[in-house]
Amino acid sequence: GAGVSQSPSNKVTEKGKDVELRCDPISGHTALYWYRQSLGQGLEFLIYFQGNSAPDKSGLPSDRFSAERTGGSVSTLTIQRTQQEDSAVYLCASSSRREGSEQYFGPGTRLTVT
Amino acid sequence: AQSVTQLGSHVSVSEGALVLLRCNYSSSVPPYLFWYVQYPNQGLQLLLKYTSAATLVKGINGFEAEFKKSETSFHLTKPSAHMSDAAEYFCAVSAVDDKIIFGKGTRLHILP
C-alpha cells in the first residue's frame with residue numbers, strides 16, 4: 001500500500017504569513033508524529049497523536065504552532081505568523097499500535113520563510 | 001519515561017574499517033529499540049529494531065546491533081564500511097503505549 005505522504009513538498013512563504021502542512025499517514029496507523037529537522041540538526045519532536053487520546057503537544061516550540069488530526073487519519077500542522085527561524089524540513093511519521101511497531105516517515109515538507 | 005543518548009555527533013571511519021555507532025538508553029520498562037538511517041537529501045528509513053526476541057539484531061546493508069541490558073546499550077556496528085554508508089544515523093527507544101524518542105543523531109563520514 002501507499003506510504004506516508006506529505007504536501008506540499010516545498011513551501012516558500014513570507015515572514016508573518018500562516019502556513020498549513022498536511023500529512024496522510026498509512027491507512028490503519030493509529031499513531032502520528034510531527035518532527036522538525038533544521039539544517040544539520042537532528043529530529044526535533046513536535047507533537048504526537050495516538051488514537052483518540054489527547055495529543056502530546058510537549059514539543060511544540062510556541063503557541064504559533066498547532067496541529068490537528070481529523071477522523072483519526074489526516075493531520076495538519078499549522079504555523080501562524082511564520083518567522084525565519086521556522087525554516088526547516090517538517091517530517092511526519094505514522095505507526096501502528098502493535099507493540100514495538102516502527103515509524104514510517106514521509107518525505108517531508110521543506111519550509112522556507114523569507 | 002524513556003530517553004536515548006548517542007555518543008558522538010560525528011564519526012569518521014576509513015573505507016573497509018569497522019563502523020561502531022554508540023547508543024545508550026534509559027527506560028523504566030522493557031524497551032523497544034530502533035536504528036534509523038537518513039541518506040543525504042532523503043527521508044528516514046528503518047535499519048533494524050529490537051523487540052525482546054534475539055539480543056543480536058541484523059538489519060539491512062550489513063548492519064547489526066546488540067541489546068545489552070546490563071549496559072543499557074544498543075550500539076550499531078558494521079564490519080566493513082562502504083562509501084555508501086555515509087549518512088546520519090538515529091537511535092530511538094519506545095515502550096508500550098508510549099511515543100518513540102529519538103537521539104540527536106550521529107553523522108557517519110567514510111574516508112577513502
Count of region B:43-63 residues which are more than 12 Å from the chain's Cα centre (by Cα), within 13 Å of chain A (Cβ to nearest Cβ) and not aliphatic (A, V, I, L, M): 3
Candidate set: region B:84-112, residues that are under 17 Å from A:SER53 (Cβ atoms) and in contact with a Phe, Trp or Tyr (Cβ under 6 Å, 6 or more places away or on another chain); chosen: the one nearest to the other protein chains (Cβ to nearest Cβ): B:LYS99
Residue satisfying condition, being under 25 Å from B:VAL93 (Cα atoms), touching a residue at least 12 places away in the same chain (Cβ under 8 Å) and small (Gly, Ala, Ser), within set A:GLY59, A:GLY16: A:GLY59
3 or more residues modelled with pLDDT of 95 or more and among the hydroxyl-bearing types (Ser, Thr, Tyr): qualifying strands (runs of 3 or more DSSP E) within region A:1-83: A:75-79
Pairs, first over 19 Å from A:SER9 (Cα atoms) and in contact (Cβ under 8 Å) with a residue 24 or more places away in the chain in region A:24-45, second in a loop (DSSP other than H, G, I, E, B) and not basic (Lys, Arg), C-beta under 6 Å, six or more apart: A:HIS29/A:SER96; A:THR30/A:GLY51
Residue that is nearest to the other protein chains (Cβ to nearest Cβ) [pool: residues in region B:64-83 that are over 15 Å from B:TYR25 (Cα atoms) and either without any contact (Cβ under 8 Å) to a residue 12 or more places away in the chain or among the small types (Gly, Ala, Ser) (or both)]: B:ALA81
Selection within region B:5-50 - β-branched (Val, Ile, Thr) and either in contact with an Asp or Glu (Cβ under 7 Å, 6 or more places away or on another chain) or outside any loop (DSSP other than H, G, I, E, B) (or both): B:THR5, B:VAL11, B:VAL13, B:VAL19, B:VAL37
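Condition first: of a type outside the set (S, T, N, Q) and either away from chain A (no Cβ under 13 Å) or farther than 28 Å from A:VAL89 by Cα (or both). Now tell me which residues in region B:24-42 satisfy that.
B:TYR25, B:VAL29, B:PRO30, B:PRO31, listed by residue number.
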Test: residue in region A:90-100 that is among the aromatic types (Phe, Trp, Tyr), within 14 Å of another protein chain (Cβ to nearest Cβ) and either out of contact with any strand residue (DSSP E or B) (no Cβ under 9 Å at 6 or more places or on another chain) or closer than 24 Å to B:GLN42 by Cβ (or both): yes
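The values are calculated or read from the model by the stated rules, or taken from the named source; none is laboratory data. All figures in this text were calculated on a predicted structure; none of them were measured in a lab. Virtual Cβ from ideal backbone geometry, glycine too; neighbours counted across all protein chains shown.
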